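Taking it in order: structure first as structure tokens, then the write-up.
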Amino acid sequence: MSKLVSCKACEKDIAKGVKKCPDCGKDQRNWFMRHKVMTFIAGIILISILGSALSGAGSEEASTVSIENETKAKSESEETVYSIGDTFTAKGDQLEISIIKFEEKDVVGDPDFLGKKVSDGGTFAAIQYTMKNVSEEPVGMFDLSFD
């Protein structure tokens, strides 16, 4: 024999374990059972937060390395400035790149159709260049990195 419990809304006796009250139709499940997807997402977020908080022991060393790499990258990028008409090599002297044109823009593309407007105080830099493979090996478009 099943036990009876009172409805959360109308307080009439209903069978234990029913999802809805047969009299008033009020959902008898708790929030976690009604929103299983949200409960799952919240659980994943909670586990991620706990995991990152507990693994913070080596974060100081990692952030130091990250700052050193960032500083190194900034200093390397500030060392070389190219002008229109300049030619330089990249990818281990496999590519010869020539700068043709430089423009500062406020809008890229058609702003009414998938175009992008610059944010306040910013500028888009449009650089037109040519790239020539000067080596014997093929170079794919996705193999490029300008280290």
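The values are calculated or read from the model by the stated rules, or taken from the named source; none is laboratory data. Everything numeric in this text was worked out from a predicted model, so none of it was measured. Heads up, the Cβs are rebuilt from the backbone with ideal geometry, glycines too, and the neighbour counts pull from every protein chain shown.
Could you please let me know if GLU96 is exposed (fewer than 10 other Cβ atoms within 10 Å of the Cβ) and at pLDDT 85 or above?
Criteria not met by GLU96.
Residue pairs, Cβ under 8 Å, 6 or more apart or interchain, first in the stretch 32-53 and closer than 26 Å to LYS19 by Cβ, second at pLDDT 90 or above. List them.
Listed pairs, sorted by first residue: PHE32/THR39.
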